[in-house]
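Colleague: For reference, the structure I am asking about is given below.
The values are calculated or read from the model by the stated rules, or taken from the named source; none is laboratory data. Just so we're clear, the structure is a prediction, and the values are computed from it rather than from any experiment. Don't worry about glycine lacking a Cβ; one is built from the backbone with ideal geometry, like all the others, and counts go over all protein chains shown. SASA here: full protein model, heavy atoms, side chains in, ligands and nucleic acids out. Shrake-Rupley method; radii C 1.70, N 1.55, O 1.52, S 1.80 Å.
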Amino acid sequence: MALAPGARLGAYEIVSLIGSGGMGEVYRARDARLARDVAIKVLPSQVAADPDRLARFEREAQVLASLNHSNIAQIHGVDDSAGVPALVMELVEGPTLADRIAKGPIPLDEALPIAKQIAEALEAAHEQGIIHRDLKPANIKVRTDSTVKVLDFGLAKAFDPAVPSGNATLSPTLSMHATQAGIILGTAAYISPEQAAGKPVDKRADVWSFGVVLWEMLTGQSLFGSGESVSHVLADVLRAPVDFVKVPAGPLRQLLQRCLDRDVKTRLRDIGEARVALARGSLSGPALEAAPRAVQVSTTTPRLWMATTAVMAALAGVAFWGWLKPAPAGPRPLIHFTTAAPQGAGPNPIAVSPDGSHIAFADAALKSIYMRAIDDPVAKPLAGTEDGQMPTFSPDGQSLAFIAGASAPYQLKKIPIGGGASLTLAGGIGAAVPMTWGDDGNLLLGGPEILRVPEAGGEPVTIAKSAPANGNLLLAYPQLLPGGKYILSSVVTPKGVAGLRIVAVDVVTGSLKVLLEDVGEVRFVPTGRTPSVGHLVYALNGSLFAASFDADTLQVGPATPVLEGLRNLGGLTHVGFSRSGTLAYAGRDNLAFGTTSTLVWVDRQGTEQRLAAPPRLYSSPRISPDGGRVAFSLTETRQIIDVQLWVHDLARGTTNRLTFEKMNVSPVWTADGKRLIYRSSTNVTNLRGTLASVAADGSGQPVTLIDEGVAPTPTSVSPDGKVVIGVRSASGTDTWVLPLAGDAKPQPFLDNRFRRGDVQFSPDGNWLAYESNEGGRNEIYVMPYPGPGGKWQVSSAGGTQPRWNRKGRELFFRSGTRLMAVDVETGNAFRAGAPHLLFEKVSSDYDVAPDGKRFLMLTPTTLSAESTELHVILNWFDDLRRRVALPN
């Protein structure tokens, strides 16, 4: 919930935004009743409905209210007048300790009083059974009168008896479910070794963090925060020796050694001991027993830990090897692990965040972007990314951009990776192909043209065109090269994706220079000593190849195979890289273009009955008007992708192929059941093609209905058989109607202000049901046909894929994974009741039997472990440099 200056929350008037974080935005506000300035932390409205986050917010208020100490920022109250909880706190002026440390080492006579006050704040909290667990310089403020205030006890938790460690499945940089052991909390550079290992924590975790903060105050340097990624930082926390020589010798050094003892059993047990020592000023009292300068973790500990969770071992893979033996001076060891990939993963790239901490991919079955932390075996849908595909991370790794929409024209959107509202950056995008987010603050999109869109949003600017006359049909995965002079891009040629062309696009002139022929999609990875030198990595026949590359001269070196076992889809692969050298890819048998499914009947109670058709890569099942046949697209993935139309006879159990050329999808039946109308295109991206028709019995040849160089998608034929309606891909019109008699041309039907899709005629032909995002998310609407008239919103909590009961008294739609039904009247006026749930787990596409009693759906088959593997390799760039040498 963003608040503008001048907005009011009860008695408080917002003055300005101070900052924001995972738990909300913090504002400076004026308390009109008491004439004082306060700090107000407001929980964002998009997460206020999340019971877990709301509970943590309420816990923070209770915790702060119980802490009454001069060195702890105080709570004044809670305000919910704006409809979301707001925590009213003491406004602490002055810089953070992080700001002070950034200026250099803090003199001893200044550092010790600051440390003493931090210790006093922690001691007061510990005495009430509260652990801070996120102590770091950024959470400590030093006022102009030298008073220290410790902020943000949002991660605090009352002492619990230790419970058996669970799966350590949460990111080390996020503050999340903090109620059980086995969960990593806090900021990676300051968490204790036991936190990094996912073990139970107590007040000694704060003692460790206090030691890190004190060391950084005295040295002006980061102790563990200089790693390339979260994994490297955690590795240092777990095994990197601390250079105590940098702090004064004597009792002060001994205090730090006790605080930074990795063995929690011999670490300083009570922060009160540190307070007493600091109160002596010069720490000239009796020496504290010193811990060893570099405590080595027992080699049995990581083995036990790794046995409990292989994924956690992957997170701290670098650290694991460090525990077993000293870190080698040369290349770091490869850490390779596998985990389950989503069964519905569609033809999208795998995106890896720059620091390697998160992986994102699209789920074609559930039509959403899924996110997983690299240490979490479970991928979770990212709310707000419905109908999303082609994800890519921002350079800072905090946002994700994606293409949204079921069909063209698409929208370009971005969303914070921690959740929140998505922001539309541009509309009217004609193609859904892989894209990149550059350091220059622009996104590069492919398609018939390379488009540049500012990360803040705006009109797309054309950088280059595909030039079909020269054999360049489509530009994919454009990537701005270092120096900003060229864009690297893969080009789809008439050979299809099995033989891509790699080009460098001149940013100024838009001209294309061919670098490689007949290879797969390509990436430039920054593996050299200078930004412009690195490797070109591309796919070919299920393998990754690499060649040295100079982005300034465009010189490409000899190619060498560097990785086997990738899924072979012609030139397309599922591969993602982080800047820190993490590689993620889908294994050889991962069904990247869909999941094998069985065709099943599902009754209104959710009971399934399997059809005789064998498991295949089915899509768009459509039941004939008489209910006796099912049409669908069937995908074959050999050396190239082949998508054709088939018809299955329900009574006889036979399946006949109708098309043999091009790629043919989205069939709809004519009213008499004699023909199918479908979209036909020449390549896998389905950007160029025709609207075609073919006899349902396989006789005769396909007939072209629309040939405009784009691929219009049919969605429904009127019950009288006179017109077909659908979505046009790139003409700027969302929906069109085409008379099926004569030589008439398609006519626009609805304006292009919003994305609309899956338009369906009612059984009497007088009404249209469709999905639209005009309210901010996809909902189901009904309007009269051919109009004029108003419209009615039928769904209330999101909706896609409307389907009519052919008796005309009911409308079905999908809401997430639920199948919903609405009673309707379609006489002279339209009336609709409240949606009600039929059953859970509706498939990504479905159709309704003519009697309205059964639904035809796709049920994913059980895949082998190998076929659902997602592979992750840490430190892969080190191995790449070893295999393919770079010029000096």
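Colleague: Per-residue counts of other Cβ atoms within 10 Å, averaged by peptide: what ranking do you get for 754-760, 240-246, 480-486, highest first?
Modeller: Descending mean neighbour count gives 754-760, 480-486, 240-246.
Colleague: For region 132-143, in order, what is each residue's ³J(HN,Hα) by Karplus, 6.51 cos²θ - 1.76 cosθ + 1.60 with θ = phi - 60°, in whole Hz (x at glycine and Pro)?
Modeller: 5, 6, 9, 6, 7, x, 5, 9, 10, 10, 10, 6
Colleague: On average over all directions, what projected area in square nanometres does region 778-817 have, based on the convex hull of its Cα atoms?
Modeller: Hull-based average projected area comes out at 3.3 nm².
Colleague: Would you work out the relative contact order for region 625-680, in percent, from Cα pairs under 8 angstrom that are 6 or more residues apart?
Modeller: Rounded, it is 30 percent for region 625-680.
Colleague: Arrange the peptides 35-43, 6-14 so that the one whose residues have, on average, the most other Cβ atoms within 10 Å appears first.
Modeller: Taking the mean over residues of other Cβ atoms within 10 Å, the ranking is 35-43, 6-14.
Colleague: Seen from all sides and averaged, what is the projected area of the convex hull of the Cα atoms in region 601-674, in nm²?
Modeller: 5.8 nm²
Colleague: What value in Å³ per residue do you get for the convex hull of the alpha-carbon atoms in region 799-838?
Modeller: Numbers: hull volume 2.5 nm³, N = 40.
Dividing the Cα hull volume of region 799-838 by its residue count gives 63 Å³.
Colleague: How much area per residue is accessible in region 767-888 when the probe is 1.4 Å and only protein heavy atoms are counted (Å²)?
Modeller: So region 767-888 comes to 43 Å² accessible per residue, rounded to a whole number.
Colleague: Can you give me the % of accessible surface on region 183-278 that is carbon or sulfur? Probe 1.4 Å, all protein chains present, nothing else counted.
Modeller: In region 183-278, the share of accessible area belonging to carbon and sulfur is 49 percent.
Colleague: On to the next question. Quick check: at a probe of 1.4 Å, how many percent of the accessible area of region 711-837 sits on carbon and sulfur atoms?
Modeller: Heavy-atom surface of region 711-837 belonging to carbon and sulfur, 1.4 Å probe: 47 percent.
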